[in-house]
Every structure is written in structure tokens, then in C-alpha cells.
Amino acid sequence: MFRISTTLMALLLGMFLVFMLSIVGSKTKGPLSDLLSFASESVHKVEENYIINSREQRRINKLKWLVPYQNDAALLKNPKRILLGAFDNNTREGFESIISVEDSIRTTFPLIQVYTAWGSKPEEEFPTLGQKHY
């Protein structure tokens, strides 16, 4: 009888712990989650550095012709050439997708549009000093 009651108590305690961890786990981050996030960020940085550094020419060198446009609003309003641009909704993570498009069509976009929604959702809140948003 003692064995059966001890086994039942252990099973009930285990089920209770699993239940509580499943409730709390969705609301908090643990050390394993932090470790996986760190590993993901590290891999992302290595990939980004590899993509950017493996390019034949640097972006700044390819866009030297744009400098007069940056310093003269009148010239920018009436450009002598067509200014191509790109938008990608994945720019929150990085610009690798736009760089890949540039490399595939062998051009450098002088304009890259970045859109960030400001709204009532937590990921759309206006960033304030000291907060970290992704």
C-alpha cells in the first residue's frame, strides 16, 4: 500500500509540475530560451558579416554618384537619373534580403524604404529610451 501511494503521489506531483511549467513557460523565458536566442543572434551576425564582407565592392563606393543628391534638395527633387529603391518587410531582422536582390540584378539601390508600424500591439509600440524592441 505504501508503494502504491508513494507512486501515485509522485505521479500527481509530476503532473502538477508539468502543468505549472506549461502555464508559466509561455509567460517567462528561461535559461534555455536565452541560450537559444543568443545562439540565433550569433549565427545571424556571422551570416550578415559574411554576406556584407564577401561583396566585391562596398555599398558606399558604389553610391559615390549619390553624394550630390544628398547635399542638394533641388537636385533630389529633379534628379538626372531614375532612383531605384526597394522595400522588404524583413528589414527588422537585417538587410540581407535586399542585398541579395541587389546582387542578383547587379545594381545598388540608392533608396531602401524601412517601415515600422506604430500601434497598439506590443511589437508596434513606439520605442522609448531603455526598451529593447525586436
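Some points to look at:
- Put in line by how crowded their Cβ is, counting other Cβ atoms within 10 Å and starting with the fewest, 106, 81 read 106, 81.
- Nearest-20 debye value, segment 55-124 charge dipole, Cβ charges on Lys, Arg, Asp, Glu: 460 debye
- Reachable aspartates and glutamates, given that their alpha-carbon falls under 18 Å from the alpha-carbon of residue 80 and they are not under 8 places away in the same chain: 72
- Per-pair calculated FRET efficiency, R0 = 41 Å: residue 120 and residue 81 via Cβ, rounded to 0.05: 0.50
- Going from the residue with the fewest nearby Cβ atoms within 10 Å to the one with the most, 69, 50 rank 50, 69.
- Length available on full extension from residue 46 to residue 10: 0.36 nm per residue minus the Cα-Cα distance, which gives 8.3 nm.
- Principal axes of segment 55-124: Cα extent on each, largest first, Å: 42, 32, 17
- Sequence-distant residues sharing a close amide H with residue 86 (under 5 Å, placed H): 111, 112, 113
Bear in mind that the values in this text are calculations on the coordinates, not laboratory data. Please read these numbers as outputs of a predicted model, since none were measured by experiment. Every residue, glycine among them, receives a Cβ derived from its backbone with ideal geometry; neighbour counts consider all protein chains shown.
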